[in-house]
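**Q** The structure is given below, and queries will be raised subsequently.
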Amino acid sequence: MSNPLLLSRYIVQIASECAPVIKAGGLGDVVYGLSRELENRGNCVELILPMYDCMRYDHIWGLHDAYKDLGVPWYGGEIKCDVFCGWVHGRLCFFIQPKSQDQFFNRGYVYGGNDDPMRFAFFSKAAMEFLLKSNKRPDIIHCHDWQTGLIPVMLYEMYQYYGMERQRVCYTIHNFRHQGSCGNEILEATGLNRPEYYFHYDRLRDNFNPFALNLMKGGIVYSNYVNTVSPHHAWEARFTDVGYGLGHTLEIHRNKFSGILNGVDYKLWNPESDELIPSQYDLNNMAGKAKNKKALREKLLLQDSEKPVIAYIGRLDEQKGVHLVHHAIYYALQRNAQFVLLGSGTSTEVNNRFLHEKYFLNENPDVHLEIGFNEELAHLIYAGADMMVVPSNFEPCGLTQLISLKYGTVPIVRGVGGLLSTVFDRDYDQDHAPEKRNGYVFYQQDNKALESAMERAIGLYYEYPKEFKQLAQQGMECDYSWKSAGSQYINIYEHIKNIKYEF
Ligand code: ADP
């Protein structure tokens, strides 16, 4: 019998992000990294993305017309779209550009419009029309987060009757906090219509707001398989409040739900080959890391000293434990360490708070706060910092700690979600031998808990530098590549490829 893991499949990923061309967070990294892994395994992978005006066009090669004037039915009429095609670091991507006054993707941002559900409902509809009209019939449609939650709904309720009855959907949830809550105008716009049918608790009706539809819930109900991005978070989503009201729906669909830990693309994130850092280094030759630390200090005008550099990279959002990020800055300074922050606020309020802090700390030679999104600087910080704080309130998987480990930057994390599954406390972990431990973990959400972990890390850095280096190297030895996740997704694709589409 042939080995199913060696069979080639045709997989189309439909998502709102793909690194590095459009990236707001981990979703972009995952869409790119998983696609590359699947291709490396011999599958044919294509991506469908919105064509945002604010994309990094310098990362797209050979952009050309793929489909002119694609008519996408919308509110009983249609919106014409042009579809462009190009390669993003080897991945074949189709970009959908609607020609309408709504300017869905010409707004200088990826997310943040009041009409986001409508924007991405349109994108989902256009992606389905593109597949239909260009005769693309993938074995698997893999969609991600609430933005594409309508894809399986439309496939099951409409497109299977137009000739797409063999397509199967895998739906990956990267963040339960954002679910795409909206009104029934979406149904009219997409041609699904029948509000009395969809406003049902078994279908798209929000579990808590009886007047709202929930696009992520639609994705869960209608997909052939659903997963989130770590096994521990799969449990949390079902049984704790971080399922944000979808726990009951997951319980009903538990037989098609699991958690698969994300990987990191070590082609993009690898200190041995990273072209965005001044000095490459590896496990056996860490001298380059010290040079990167120096370069980081020079770039950010931090004073040269013996002090450790502690960093934070991430969205400045309640999810990320911003109160603890804020405290980490001052605690680092108090404990004779330097602090570098790279982040952008997802709300004006949080952004302003950190801008105020930046202004306040401007003259301090031991701290730099960079408010904004900067991929290049992120690489230098991962390479140049000694420690990385990740004090999240909840964290489905978390990539910052995984990238930090690869760069020999010791993670200090709160023990939730994927952080708990990937960082093992040097002093207290019970499940891993001392040589397998790779960072520091704290559990409570208060300042004291964070301080206890930071204090242990800073203490080791100053008092036992050899042991600190050893800990960093143990982190570099961890393998959080896409290998394992790649096999698990292939198994899921195989599983759903041949099942009957019903729910
Ligand atoms: P989330 O998806 O919740 O934002 P993850 O930890 O899964 O968080 O992924 C975050 C990704 O985004 C990482 O690759 C991180 O380096 C990157 N990132 C986050 N904020 C910034 C920023 N301000 N500038 C550059 N990269 C960032």
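**Q** Give the residues of segment 184-204 that are in contact with a Pro (Cβ under 7 Å, 6 or more places away or on another chain) and basic (Lys, Arg), sorted by residue number.
**A** Restricting attention to segment 184-204, the residues satisfying the condition of being in contact with a Pro (Cβ under 7 Å, 6 or more places away or on another chain) are 184, 186-187, 191.
Those that are in contact with a Pro (Cβ under 7 Å, 6 or more places away or on another chain) and basic (Lys, Arg): none in segment 184-204.
**Q** Kindly provide the set of residues from segment 301-341 that are open to solvent by 10 Å² or more (accessible area, probe 1.4 Å) and either within 14 Å of the ligand (Cβ to nearest atom) or part of a strand (DSSP E or B) (or both), ordered by number.
**A** If the condition is that a residue be open to solvent by 10 Å² or more (accessible area, probe 1.4 Å) and either within 14 Å of the ligand (Cβ to nearest atom) or part of a strand (DSSP E or B) (or both), then 313, 314, 315, 317, 318, 320 are the ones that fit.
**Q** Okay, moving on. List every residue pair whose Cβ atoms sit under 6 Å apart, with the two residues 6 or more apart in sequence or on different chains, where the first one lies in segment 24-48 and is over 21 Å from residue 151 (Cα atoms) and the second, anywhere, is surrounded by fewer than 20 Cβ atoms within 10 Å (Cβ to Cβ).
**A** If the second residue must be surrounded by fewer than 20 Cβ atoms within 10 Å (Cβ to Cβ), the pairs left are 25/315; 42/8; 43/8; 43/9.
**Q** Related question: Looking at 383, 328, 378 in this structure, which one is in contact with an Asp or Glu (Cβ under 8 Å, 6 or more places away or on another chain) and hydrophobic (A, V, I, L, M, F, W, C)? Please lay out each step first, then the result.
**A** Details: 328 fails: in contact with an Asp or Glu (Cβ under 8 Å, 6 or more places away or on another chain); 378 fails: in contact with an Asp or Glu (Cβ under 8 Å, 6 or more places away or on another chain).
Being in contact with an Asp or Glu (Cβ under 8 Å, 6 or more places away or on another chain) and hydrophobic (A, V, I, L, M, F, W, C) holds for just one of 383, 328, 378, which is 383.
**Q** Same structure, new question: Taking only pairs six or more apart or across chains, which ones have beta-carbon atoms under 9 Å, a first residue in segment 397-415 that is outside the structural domain of residue 450 (by TED's automatic domain parsing), and a second residue that is assigned to a loop (DSSP other than H, G, I, E, B) and near the ligand (Cβ under 9 Å from one of its atoms)?
**A** If the second residue must be assigned to a loop (DSSP other than H, G, I, E, B) and near the ligand (Cβ under 9 Å from one of its atoms), no pairs are left.
**Q** Among 41, 56, which is open to solvent by 60 Å² or more (accessible area, probe 1.4 Å), within 16 Å of the ligand (Cβ to nearest atom) and either touching a Phe, Trp or Tyr at 6+ places or on another chain (Cβ under 9 Å) or modelled with pLDDT of 95 or more (or both)?
**A** On the way: 41 fails: within 16 Å of the ligand (Cβ to nearest atom).
Sole residue among the options that is open to solvent by 60 Å² or more (accessible area, probe 1.4 Å), within 16 Å of the ligand (Cβ to nearest atom) and either touching a Phe, Trp or Tyr at 6+ places or on another chain (Cβ under 9 Å) or modelled with pLDDT of 95 or more (or both): 56.
**Q** Oh, and also: Quick one: in segment 26-38, of everything that is open to solvent by 20 Å² or more (accessible area, probe 1.4 Å) and farther than 13 Å from residue 90 by Cβ, which residue is nearest to the ligand (Cβ to nearest atom)?
**A** Initial filter on segment 26-38 (open to solvent by 20 Å² or more (accessible area, probe 1.4 Å)): 26, 29, 36-37.
Filter once more, so that each one left must be farther than 13 Å from residue 90 by Cβ: 26, 29.
Details: 26: 2, 29: 5 Å.
Ranking the candidates gives 26 first.
**Q** Still on this structure: Kindly list the number of the only condition in (1) among the hydrophobic types (A, V, I, L, M, F, W, C); (2) within 16 Å of the ligand (Cβ to nearest atom); (3) open to solvent by 50 Å² or more (accessible area, probe 1.4 Å) that fails for residue 360.
**A** (2)
**Q** Tell me yes or no: at least one residue of segment 86-100 is of a type in the set (Gly, Ala, Ser), more than 22 Å from residue 154 (Cβ to Cβ) and either at pLDDT below 95 or touching a helix residue (DSSP H, G or I) at 6+ places or on another chain (Cβ under 8 Å) (or both).
**A** Taking every residue of segment 86-100 in turn, at least one turns out to be of a type in the set (Gly, Ala, Ser), more than 22 Å from residue 154 (Cβ to Cβ) and either at pLDDT below 95 or touching a helix residue (DSSP H, G or I) at 6+ places or on another chain (Cβ under 8 Å) (or both).
Results for (1) surrounded by fewer than 19 Cβ atoms within 10 Å (Cβ to Cβ); (2) assigned to a loop (DSSP other than H, G, I, E, B); (3) in contact with a helix residue (DSSP H, G or I) (Cβ under 8 Å, 6 or more places away or on another chain); (4) not assigned by TED's automatic domain parsing to the domain that holds residue 305, shown as yes or no for each residue.
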residue	(1), (2), (3), (4)
430	yes, yes, no, no
435	yes, no, yes, no
441	no, no, yes, no
462	yes, no, no, no
470	yes, no, no, no
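**Q** Anything in segment 443-460 that is free of Cβ contacts under 8 Å to residues at least 60 places away in the same chain and either under 14 Å from residue 388 (Cβ atoms) or assigned to a helix (DSSP H, G or I) (or both)? List them, or say none. Steps first, answer last, please.
**A** Kept after step one, since they are free of Cβ contacts under 8 Å to residues at least 60 places away in the same chain, are these residues of segment 443-460: 443-444, 446, 448-449, 452-453, 456, 459-460.
Matches in segment 443-460: 448, 449, 452, 453, 456, 459, 460.
**Q** Name the residue that is farthest from the ligand (Cβ to nearest atom), counting only residues in segment 157-179 that are surrounded by fewer than 22 Cβ atoms within 10 Å (Cβ to Cβ) and not in a loop (DSSP other than H, G, I, E, B).
**A** 161
**Q** Would you be able to say whether some residue in segment 159-181 is within 22 Å of residue 262 (Cβ to Cβ) and of a type in the set (Asp, Glu)?
**A** Looking for residues that are within 22 Å of residue 262 (Cβ to Cβ) and of a type in the set (Asp, Glu), one finds none in segment 159-181, hence no.
**Q** Now a separate question. Got a sec? Which of 227, 209 is outside any helix (DSSP H, G or I) and crowded, with 16+ Cβ neighbours inside 10 Å?
**A** Details: 209 fails: crowded, with 16+ Cβ neighbours inside 10 Å.
None of the other options fit; the residue is 227.
**Q** May I ask you to list the residues in segment 264-305 that are acidic (Asp, Glu), free of Cβ contacts under 8 Å to residues at least 60 places away in the same chain and not assigned by TED's automatic domain parsing to the domain that holds residue 380?
**A** Step one: list which residues in segment 264-305 are acidic (Asp, Glu), which gives 265, 272, 274-275, 282, 298, 304.
Checking which are free of Cβ contacts under 8 Å to residues at least 60 places away in the same chain leaves us with 272, 275, 298, 304.
Of everything in segment 264-305, those that are acidic (Asp, Glu), free of Cβ contacts under 8 Å to residues at least 60 places away in the same chain and not assigned by TED's automatic domain parsing to the domain that holds residue 380 turn out to be 272, 275.
**Q** When you scan segment 7-23, how many residues do you find that are closer than 14 Å to residue 147 by Cβ, in a strand (DSSP E or B) and either more than 16 Å from the ligand (Cβ to nearest atom) or of a type outside the set (Val, Ile, Thr) (or both)?
**A** 3
**Q** Same structure again: Can you tell me how many residues within segment 269-300 are part of a loop (DSSP other than H, G, I, E, B), open to solvent by less than 70 Å² (accessible area, probe 1.4 Å) and not small (Gly, Ala, Ser)? Show your work before the answer.
**A** So in segment 269-300, the residues part of a loop (DSSP other than H, G, I, E, B) come out as 269-281, 283-284, 286.
Pick out the ones that are also open to solvent by less than 70 Å² (accessible area, probe 1.4 Å) and you get 269-271, 273-274, 277, 279, 281, 283, 286.
Narrowing further to those that are not small (Gly, Ala, Ser): 269-271, 274, 277, 281, 283, 286.
Residues meeting the conditions: 8.
**Q** Applying the selection to segment 192-205, what residues are open to solvent by less than 20 Å² (accessible area, probe 1.4 Å) and farther than 21 Å from residue 14 by Cα?
**A** 198 - this is the single residue of segment 192-205 that is open to solvent by less than 20 Å² (accessible area, probe 1.4 Å) and farther than 21 Å from residue 14 by Cα.
**Q** Quick check: anything in segment 312-322 in the same structural domain as residue 455 (by TED's automatic domain parsing), polar (S, T, N, Q) and in contact with a Ser or Thr (Cβ under 7 Å, 6 or more places away or on another chain)? Spell out the reasoning first.
**A** Going through segment 312-322, the residues in the same structural domain as residue 455 (by TED's automatic domain parsing) turn out to be 312-322.
If we keep only those that are polar (S, T, N, Q) as well, we get 319.
Now drop any that are not in contact with a Ser or Thr (Cβ under 7 Å, 6 or more places away or on another chain), which leaves 319.
Yes, there is a match, as at least one residue in segment 312-322 is in the same structural domain as residue 455 (by TED's automatic domain parsing), polar (S, T, N, Q) and in contact with a Ser or Thr (Cβ under 7 Å, 6 or more places away or on another chain).
The values are calculated or read from the model by the stated rules, or taken from the named source; none is laboratory data. Quick caveat: nothing in here was measured; it's all calculated off a predicted structure. FYI the Cβ positions are ideal-geometry reconstructions off the backbone, even for glycines, and counts take in every protein chain you see. These area figures cover heavy atoms from the full protein model, side chains too; ligands, DNA and RNA do not enter into them. Shrake-Rupley method; radii C 1.70, N 1.55, O 1.52, S 1.80 Å.
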